[in-house]
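The values are calculated or read from the model by the stated rules, or taken from the named source; none is laboratory data. Just so we're clear, the structure is a prediction, and the values are computed from it rather than from any experiment. Virtual Cβ from ideal backbone geometry, glycine too; neighbours counted across all protein chains shown. In case anyone asks, the SASA skips ligands and DNA or RNA and just uses the protein heavy atoms, side chains included. Shrake-Rupley method; radii C 1.70, N 1.55, O 1.52, S 1.80 Å.
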Amino acid sequence: MLLKNKNAVIYGGGGAIGGAVARAFAREGAKVFLAGRTLAKLDEVAADISAAGGFAETAQVDALDEKSVEKHVDSVAAKVGGIDIALNAVGINHVQGTPIAELSLEDYELPITVYTRTNFITAKAVARHMTNNGSGVILTLSTPASRMPGPGYMGHSVACAGIEAFTRHLAGELAPSGIRVICLRSHMIPEATTLGSHSRDIFGFVAERVGVTIEEMMAGAAGGTLLKRLPTLAEVANTAVFMASEHAGSMTGTVANLTSGFILD
Ligand SMILES: NC(=O)c1ccc[n+]([C@@H]2O[C@H](COP(=O)([O-])OP(=O)(O)OC[C@H]3O[C@@H](n4cnc5c(N)ncnc54)[C@H](OP(=O)(O)O)[C@@H]3O)[C@@H](O)[C@H]2O)c1
């Protein structure tokens, strides 16, 4: 088991990626603490983990509210003695596929504000405990939009580039405390859209705009990669496990590129 005796907190733990990573962390021996807005979604993931013999607890927490996150993190750390791994898998519906001439300032700002705010809040809260223990791993999520030119992805693109910059900067700030920070940059994950991810609404809007179905749009995206396929949830979750484990002990301040060769570093 790669994460035996580790304590992991996951914000957005009831979502497609958060849930998949939670199950994978638990499979590898971690105690998993799931937080998000909708308790029913978190409880579903926790039930799967318990049924498989793992440990999971859930809590209703608004990951955009600093005090609520601090309170949650402190209660987990007090209960199990510390936090070893944190993932922010929060996702919100926002506008993609709209060129700047038609994009409102509010729609441009929303993903930038939400993603940079929630990652700041959760990273700052867990870093206090990880610093006390002299070790820890913080994982963030991004998309190929961080490196794509336009048109149509202005707010989303700036948000993703911001999260990757946040990851690099945080890695530099926290390295002296033995904390690693890594971003997982995944291309669109077809399974997520069938699991109720907010991405279904986003992709649906974009697909409708160009007059294709979501499935046709994803097939087109797959065709644009070197591998001619999009990543699976299992690949993203297993990469998260590896990055959180000692096997990735020399990695920090970097991006795990899960774009099937769409974006080349
Ligand atoms: N899906 C993809 O293809 C894909 C690919 C690459 C990267 N990503 C990125 O991965 C992240 C997660 O994507 P996903 O597909 O897993 O999304 P998802 O299934 O929609 O999950 C997002 C989760 O975030 C939670 N959430 C939203 N606002 C919150 C808040 N203020 N406080 C606490 N929890 C909150 C949601 O809970 P509620 O429903 O209760 O609000 C939901 O469970 C996003 O940042 C996305 O950009 C996704």
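Observations on the structure shown:
- Simple label model, 7 Å out from Cα along Cβ direction - R117 to K79, nm: 2.7
- The modelled label-to-label distance for the pair A219/K71, using points 7 Å beyond Cα in the direction of Cβ, is 5.0 nm.
- Rolling a 1.4 angstrom probe over the chain with all protein chains present gives an accessible area of which 56% lies on carbon and sulfur atoms.
- Entries of K4/K41; K4/K79; K41/K228 with Cα pairs more than 23 Å apart: K4/K41; K41/K228
- Heavy atoms of the protein chains alone define the surface here; on that basis the chain has 45 Å² accessible area per residue at 1.4 Å probe size.
- With θ taken as phi - 60° and the Karplus curve 6.51 cos²θ - 1.76 cosθ + 1.60 applied, the whole-hertz 3J(HN,Hα) list for the stretch 10-23 is 10, 8, x, x, x, x, 4, 6, x, x, 5, 5, 4, 4 Hz, x standing for glycine and proline.
- Interchain or long-range residues, amide H under 5 Å from L184's placed H: T140, L141, S142, A256
- Options I263, S186, F55, ranked by Cα towards positive dipole end of the chain, top entry (Cβ charges): F55
- Length added when fully stretched, S104-A40, from 0.36 nm per residue minus Cα-Cα: 19.7 nm
- Evaluated with a Cβ-only charge set (Lys, Arg +1; Asp, Glu -1), the stretch 1-100 carries a dipole of roughly 220 debye about its Cα centre, given to the nearest 20.
- In the chain, helical runs assigned H by DSSP with n ≥ 4 each contribute -39500 (n - 2.57); averaged across all residues and rounded to the nearest 500, the mean residue ellipticity at 222 nm is -16000 deg cm²/dmol.
- Unit charges on C-beta of K, R, D, E only; dipole of the stretch 175-265, Debye: 160
- Degrees between helix 214-223 axis and first principal axis of the chain (Cα, 0 to 90, nearest 10): 80
- Set of lysines with alpha-carbon distance to K124 below 18 Å, sequence-local pairs under 8 removed: K67, K71
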